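The values are calculated or read from the model by the stated rules, or taken from the named source; none is laboratory data. No experiment lies behind these values; they were computed from the predicted model shown. In this analysis, Cβ positions are derived from the backbone assuming ideal geometry, glycine residues included, and neighbour counts consider all displayed protein chains.
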Amino acid sequence: MSKGQKVLRASVIMGSASAVSMITGIFRSKVMAILLGPEGIGLLGILQSIMNTTSTVFGMGLASSGVRQIAEARANGDEAGLALTRKALLWAAGILGLLGAVLLVILCKPVADLTIGNDNYTWMVACVSAGVWATIMYNVQIATLNGMRRIVDLARAYILSTLGGTLVTVLAVWQLKENGVVLAVLSIPWTLLVISWWFAHRVPTIDVHLSWQAISKPLHGLFSLGFAFMATNLFRVATQMVVRILILQTLSITATGFYQAACSINALYLGFVLEAMGKDYYPRLTAVAKNREETNIMVNKQAEIALLMSGPVTLGMLTLTHQVVGILYSGAFEETVDILRWQFLGDPFKVASWTMGFILLAQGRGRLFLFTEISWNLLYLGLIWVGLPVWNLKATGIAYSLTHVFYFILLWVIVFRVNNFRWSKTNSVLLIALLVCVAIISWARLFPGIVPLVLGLLVTVAMGSYSFVRIYRSLGGLPWKRNMNNY
């Protein structure tokens with residue numbers, strides 16, 4: 001099996017899992033939008049931000065550094081180091097998760113006052129602490145499956161947890177209305193913890209003696225790189241929380257709900273591609289990270305597939321933004337449409353940057369990675385702070401696109417210097433073509449009637465057909481031609 005075929009195989013497996021997650025996520029969002037409205041969606045987003053921020057701080061980046069360390073030990077055939085790393089991850093995650101949960105319970109009142117501005121929600125913040133522990137624990141279980149490249153088990157874990165979490169969410173919100181938001185926040189991390197634990201404990205390992213001296217070496221490696229991951233993730237989730245607070249204080253909690261809906265839709269469709277490929281891409285790149293030429297070839301190949309898979313989806317979402325928001329949420333979320341249209345303009349740059357960023361992760365360049373992420377978050381937050389009084393909610397979408405253009409340029413300069421990375425001619429043409437298509441669809445909205453819809457669909461179908469042919473050629477030829485050759 002060629003490298004391109006391996007990439008596509010992993011993408012298809014994880015893409016199938018992402019498709020199930022996307023469909024159930026659509027159903028979950030629709031039910032919550034109908035039962036709770038923009039205010040309830042806004043509350044959900046704030047509680048999720050609290051849980052994500054706390055779990056990020058106390059998770060110490062162990063899951064991300066764990067993937068790299070497990071993949072490296074697996075590539076080197078170091079069974080003892082692999083077993084020690086897995087045990088060190090579990091013990092460290094359990095202790096740190098408990099500390100984070102206890103601290104959030106102690107500080108639940110000031111946290112509720114700071115984020116929601118109402119201490120009536122103190123009990124909800126306290127309950128979210130259970131999700132903090134579960135999130136940190138399931139992340140290290142997923143790290144084990146990811147580092148060992150157990151792609152099928154990963155896909156099964158995500159599918160089962162999404163289905164289980166959605167069932168709990170729908171029942172909770174249906175029966176308890178706003179009070180059910182807490183169970184909605186906790187449902188996914190807890191179902192994912194139970195299911196990932198079962199799959200992770202099926203992975204063969206050797207028995208090793210666990211002592212402080214034995215685990216000190218893997219712990220040092222985990223925390224050294226993990227700190228950079230933690231700081232990076234902390235800036236990311238803290239930025240999202242601050243943005244929501246800014247919107248809440250500048251506009252209203254309803255506006256926060258519109259922003260939450262836009263972020264959810266964008267993450268849903270783009271995660272369908274990036275999450276599908278990232279689970280296999282990171283450990284594969286780590287295994288060849290010491291070879292510059294091999295690394296650059298793999299990154300260009302991954303970028304090509306990422307652009308081919310995400311391109312038609314981005315164009316389709318840009319064309320049908322109004323319809324998508326209406327289907328996923330309701331007519332009350334009209335302001336979400338403008339945010340999304342601006343976000344979609346920056347998504348091609350986000351996809352291209354995504355593939356380059358893994359070079360820094362695979363090579364363990366934590367400080368450089370931290371620098372790029374902090375730069376992105378500070379610029380994004382600054383643009384929103386300046387733009388909200390001028391453009392209202394639209395400022396969040398404008399800031400998203402401008403920041404991703406900046407991030408793409410910054411990351412390209414850095415990976416060129418550290419790894420002599422150059423975009424292949426194929427990828428350069430592909431990215432430019434995708435940007436031209438995005439510009440055409442955006443320009444078409446100036447025309448009245450059905451012209452924007454028709455032109456947008458034509459461009460989307462053309463890009464989709466091109467991507468289909470390119471992907472199947474990477475698999476060894478078009479399916480109908482392979483069938484003809486068999487006769």
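Of everything in segment 424-478, what is hydroxyl-bearing (Ser, Thr, Tyr), assigned to a helix (DSSP H, G or I) and over 22 Å from Gln343 (Cβ atoms)? Give them in sequence order. Show your work before the answer.
Residues of segment 424-478 hydroxyl-bearing (Ser, Thr, Tyr): 424, 426, 428, 442, 460, 465-467, 472, 474.
Right, trim to assigned to a helix (DSSP H, G or I) and you get 426, 428, 442, 460, 465-467, 472, 474.
Within segment 424-478, Thr426, Ser428, Ser465, Tyr466, Tyr472, Ser474 meet the criteria.
What do you reckon, is Ile339 in contact with a Lys or Arg (Cβ under 7 Å, 6 or more places away or on another chain), under 26 Å from Ile441 (Cβ atoms) and assigned to a helix (DSSP H, G or I)?
yes
Considering only segment 19-51, how many residues are in contact with a Lys or Arg (Cβ under 9 Å, 6 or more places away or on another chain) and within 16 Å of Ala332 (Cα to Cα)?
Residues flagged as in contact with a Lys or Arg (Cβ under 9 Å, 6 or more places away or on another chain) and within 16 Å of Ala332 (Cα to Cα) within segment 19-51 amount to 4.
Select from segment 130-152 the residues that are of a type in the set (Val, Ile, Thr) and closer than 21 Å to Ser18 by Cβ and write down the one among them that is modelled with the highest pLDDT.
So, considering only residues that are of a type in the set (Val, Ile, Thr) and closer than 21 Å to Ser18 by Cβ, the one modelled with the highest pLDDT is Thr135.
Which number in (1) at pLDDT 85 or above; (2) out of contact with any helix residue (DSSP H, G or I) (no Cβ under 9 Å at 6 or more places or on another chain) marks the one condition that Ile34 misses?
(1)
Test Ile116 against the stated conditions and say whether it is β-branched (Val, Ile, Thr) and under 18 Å from the mean Cα position of the chain (by Cα).
Against the criterion (β-branched (Val, Ile, Thr) and under 18 Å from the mean Cα position of the chain (by Cα)), Ile116 does not qualify.
Does Ser353 fit the bill of being hydroxyl-bearing (Ser, Thr, Tyr), under 29 Å from Met230 (Cβ atoms) and in contact with a Phe, Trp or Tyr (Cβ under 6 Å, 6 or more places away or on another chain)? Explain how you work it out, then say what you get.
Details: hydroxyl-bearing (Ser, Thr, Tyr): yes; under 29 Å from Met230 (Cβ atoms): yes; in contact with a Phe, Trp or Tyr (Cβ under 6 Å, 6 or more places away or on another chain): yes.
Yes, satisfied.
State yes or no: is Val386 part of a helix (DSSP H, G or I), without any contact (Cβ under 8 Å) to a residue 40 or more places away in the chain and out of contact with any helix residue (DSSP H, G or I) (no Cβ under 9 Å at 6 or more places or on another chain)?
Here the answer is no, as Val386 does not meet what is asked.
Return the only residue of Tyr269, Tyr259 being more than 30 Å from Ala362 (Cβ to Cβ) and part of a helix (DSSP H, G or I).
Details: Tyr269 fails: more than 30 Å from Ala362 (Cβ to Cβ).
Answer to the check: Tyr259.
Going by the structure shown, is Glu294 surrounded by fewer than 24 Cβ atoms within 10 Å (Cβ to Cβ) and either free of Cβ contacts under 8 Å to residues at least 24 places away in the same chain or in contact with a Leu (Cβ under 6 Å, 6 or more places away or on another chain) (or both)?
Criteria met by Glu294.
Would you list the helices (runs of 4 or more DSSP H) that sit entirely within segment 67-164 and hold 2 or more residues that are hydroxyl-bearing (Ser, Thr, Tyr)?
Correct list: 122-147.
Here is a check on your reading of the model: is Glu275 in a helix (DSSP H, G or I), over 19 Å from the mean Cα position of the chain (by Cα) and of a type in the set (Asp, Glu)?
No; evaluated as a whole, the condition is false for this residue.
For segment 442-460, give me each residue that is more than 26 Å from the chain's Cα centre (by Cα) and either closer than 16 Å to Ser310 by Cβ or among the hydroxyl-bearing types (Ser, Thr, Tyr) (or both).
Step one: list which residues in segment 442-460 are more than 26 Å from the chain's Cα centre (by Cα), which gives 443-459.
Val459, the sole residue that qualifies.
Filter segment 315-370 down to the residues that are of a type in the set (Lys, Arg) and in contact (Cβ under 8 Å) with a residue 60 or more places away in the chain and list them by number.
Arg341, Lys350, Arg367 - these are the residues of segment 315-370 that are of a type in the set (Lys, Arg) and in contact (Cβ under 8 Å) with a residue 60 or more places away in the chain.
Please pick out the residue among Thr205, Thr122 that is β-branched (Val, Ile, Thr), within 26 Å of Pro38 (Cβ to Cβ) and surrounded by fewer than 18 Cβ atoms within 10 Å (Cβ to Cβ).
That would be Thr122, the only listed residue that is β-branched (Val, Ile, Thr), within 26 Å of Pro38 (Cβ to Cβ) and surrounded by fewer than 18 Cβ atoms within 10 Å (Cβ to Cβ).
What are the residues in segment 399-431 that are of a type in the set (Phe, Trp, Tyr) and in contact with a helix residue (DSSP H, G or I) (Cβ under 8 Å, 6 or more places away or on another chain), if any?
Tyr400, Phe406, Tyr407, Phe408, Trp412, Phe421, Trp423 - these are the residues of segment 399-431 that are of a type in the set (Phe, Trp, Tyr) and in contact with a helix residue (DSSP H, G or I) (Cβ under 8 Å, 6 or more places away or on another chain).
Whether any residue in segment 230-240 is surrounded by 18 or more Cβ atoms within 10 Å (Cβ to Cβ) and touching a Lys or Arg at 6+ places or on another chain (Cβ under 8 Å) is what I want to check.
No - not one qualifying residue is present in segment 230-240.
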